[in-house]
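Notes for the one structure printed next.
Rule-based calculations on the coordinates, nothing more; no lab input. Bear in mind the structure is a predicted one, so any value in this text is a computation, not a measurement. Note: ideal-geometry Cβ built from the backbone for every residue, glycine included; neighbour counts use all protein chains shown.
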Amino acid sequence: MPRKPEIEAPEGGWPLGWGASMREFETHLAVERGLSPNTASGYLSDLRILAVWAVDQNTAPSDLDRDAISAFLVSQHAVGKAPRSIARLSSALRQFLGFLRMEGEGAAGPEAVVRPPRPPRILPRTLTESQIEALLAAPDIATPLGVRDRAWMELLYASGLRVSELATIPALSIFLDEGFLKVMGKGRKDRLIPFGQGAEHWIRAWLQIRGGFKPHTDALFVGHRGEPLTRQHLWRLLKAYAAKAKIRPETVSPHVLRHAFATHLLDHGADLRAVQAMLGHADISTTQIYTHVHQARLRALYDQMHPRSLTQP
């Protein structure tokens, strides 16, 4: 059996009568579903809200039914939970109820969770191509750390990797001569992503000096003591380079570079399905939000450039 990743229990532990079911569900998420520790921890944190409410209602996990679930969701609306939070909570509930039914511990299944109204679509924040160029040029390439940072920033923008994927990608997963990389994403699914000559150039430059950092990890990018870079370290570095590039740091994150990767590909005519595959989205609807970004940018450009775009009849 695969080793279960370490997942932190929700702060405060589980209410009386819920610990056993939730520990089994935690194992199910990590081992059988193959979810990342971050995703599993999010489900568990949301379900602790349900557990606290259920104990107050004298409701055990096996007693959950459609009426109880509906009453719980109504209570969350009443305390002012945002639609997006309710949607995330509902997703956790469907997963948990499906698990209980599979284990024979509850009659209600995922269908007991009435789907909430779709939360308003929030277009992802992105950067212009000129801003990306300024950001990539920010590291001091006269220094080894500057070469390293230029390399991971180029790769992040060239491939659309998640920051967690970038932090852990092994050096042996980069195939420079072929121009692609192999990454294990969410749900432990492998995907192949091409990257361009810009990223290839800087990764080769980094690999020539990587050994001088005496790495004690197979991670491609390491710190000055040879340790793998963490997500938090990458965030801090990126925001520092944003400030140096005269870009407001609060508008820049590794995920913004992922958005820029997808948006700029579509701006230049990429196929939506190809972008979906490179991003590792299981559902095309997740990727389609980038078409809205693309359309919004086209509309803004039209309004700016067409002589009669804002003319009243």
- Note on the structure: Neighbour-count ranking for Trp152, Trp206 (other C-beta within 10 angstrom, fewest to most) reads Trp206, Trp152
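Can you sort Lys246, Lys81 so the residue with the fewest Cβ neighbours within 10 Å comes first? Could you put the intermediate results ahead of the total?
Numbers: Lys246 10, Lys81 17.
If I rank by nearby Cβ atoms, fewest first, I get Lys246, Lys81.
Using Cβ contacts closer than 10 Å as the measure, can you line up Met278, Met153, Met102, Met184 from fewest to most? Mind dumping the intermediate values first?
Numbers: Met278 21, Met153 25, Met102 12, Met184 15.
Ascending number of Cβ neighbours within 10 Å: Met102, Met184, Met278, Met153.
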- Note on the structure: As straight-line cross-link partners of Lys239, the qualifying aspartates and glutamates (C-alpha separation under 16 Å, not fewer than 8 residues apart within one chain) are Glu133, Asp140, Asp149, Glu154, Glu250
- Ordering of 166-172, 194-200, 268-274 by burial proxy (mean other Cβ atoms within 10 Å per residue, highest first): 166-172, 194-200, 268-274
